[in-house]
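Since every read-out is calculated from the coordinates, none of them should be taken as a lab result. In this text, all values refer to a predicted model and were calculated from it rather than measured experimentally. All Cβ positions, glycine included, derive from the backbone under ideal geometry; neighbour counts span all protein chains shown.
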Amino acid sequence: MNNEARLEAFEKMLSAVRDGYASASEKMIKLKAEGKEKTVTFRQLMGDKMLYKSMLSMYKIYGLTDDNEV
């Protein structure tokens, strides 16, 4: 895989991680407003959100992002 293809793949993955984090956050807010914090769905979303946050933190630690999203 050449460097251009790797960069494109990285950018797609970063976008997917950001989208996943935002989606999980939005769904959790909705479930919390409905009083459903103890549901399996809410807990799964919490786990997903933590995973995405961890990945975004690693990108930041290694200088792969230049924003303050985490």
| query | Any idea what the dipole of the chain comes to, in debye rounded to 20, about its Cα centre with Lys/Arg Cβ at +1 and Asp/Glu Cβ at -1? | reply | 480
| message | Going Cα to Cα from LYS38, which lysines come in below 29 Å? Please leave out same-chain ones fewer than 8 positions away. | response | LYS27, LYS30, LYS49, LYS53
| task | Please name which of LEU31, ALA9, LEU56 has its Cα lying farthest along the dipole of the chain towards the positive end, using unit charges on Cβ (Lys, Arg +1; Asp, Glu -1) and the Cα centre as origin. | result | LEU31
| remark: Rg/Rh of the chain (Cα atoms, Kirkwood Rh), to two decimals, equals 1.10
